[in-house]
1. Quick one: if the Förster radius is 30 Å, what FRET efficiency do residue 218 and residue 109 give, using the C-beta to C-beta distance and rounding to 0.05?
2. Starting from the 7 Å offset along Cα-to-Cβ, what nm value, one decimal, do you get for the label separation of residue 17 and residue 31?
3. Compute and list, largest first, the equivalent-ellipsoid semi-axes of region 52-183 from the alpha carbon gyration tensor, each √(5λ) rounded to a whole angstrom.
4. Between residue 42 and residue 156, take the C-beta separation as r, use R0 = 35 Å, and let me know the FRET efficiency to the nearest 0.05.
5. Under the definition of Cα pairs under 8 Å and six or more residues apart, what whole-number percent is the relative contact order of the chain?
6. If you take the Cα Rg of the chain and divide it by 2.2 N^0.38 Å, with N the number of residues, what do you get?
7. Please identify which residues in region 46-66 have an amide N closer than 12 Å to a label point set 7 Å out from the Cα of residue 1, following the Cα→Cβ vector.
8. Quantify how much of the Cα-Cα distance distribution of region 1-113 extends past 19 Å, in percent.
């Protein structure tokens, strides 16, 4: 199943059969654009973050509908991410905060402060211990969930790029970031040094801003979406671009890998959903 959020303020789910998508359910209730959606690890709930400053939890079962709203952010929600066990939800916002929510009660249990500008992307490490946030303040921060402290900051001296997206490697040892200047960087979390910088001329010529990054389940590839409908597939070992694909006329809004890594899904600003084989 695939879940999508839209500028029409709705969320929809689709069933993938082979290479064909079939619309399943329509979810309505937000008063603003739906900027981020995420399935719970068990697949029974979907979280959506909206311009209306509200996070909603929805049931995806035989009786679909809203379960509850999570209210606390003061500005639009940009990103939501589940903890690996599905008990907690993390959210980032234009209000410069990362917030942690207890899913069962809907209670806000922690607010992480430190970013100086909008939080653009949130990613929970697969081992459940840390959360990464990207921001317009030109940093990516790593937060320890148990204590709430920021123990690492990623940035490059004299670099003016704004970080637009962040994702974890499957082993929780690295992160990948995308920026508004077209760079895709792999960082070692323990040292916070950029390991690999993709300056491939084909990629940087194709589009300037990276809008989404996603690490494959096997850790071998990174998919990157750009502002003009271009998607690239990066070989992590060699840091070379394997493919440059033109998907549509608008921004690639989000990328997500299938659980088996055989394909990934692209949601575009032009309203299309594209399934791409990783082969």
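1. 0.35
2. Each label point lies 7 Å from its Cα, and together they span 4.0 nm.
3. Over the Cα atoms of region 52-183, the semi-axes work out to 25, 16, 14 Å.
4. Working from the Cβ atoms, E equals 0.35.
5. 8 percent
6. Normalised Rg, Cα atoms only: 0.93.
7. 46-47, 58-65
8. Values: 2557 of 6328 pairs.
The answer is 40 percent, as a whole percent.
Where a number appears in this text, it was derived from the coordinates with a stated rule and is not lab data. These numbers come from a predicted model, not from an experiment. FYI the Cβ positions are ideal-geometry reconstructions off the backbone, even for glycines, and counts take in every protein chain you see.
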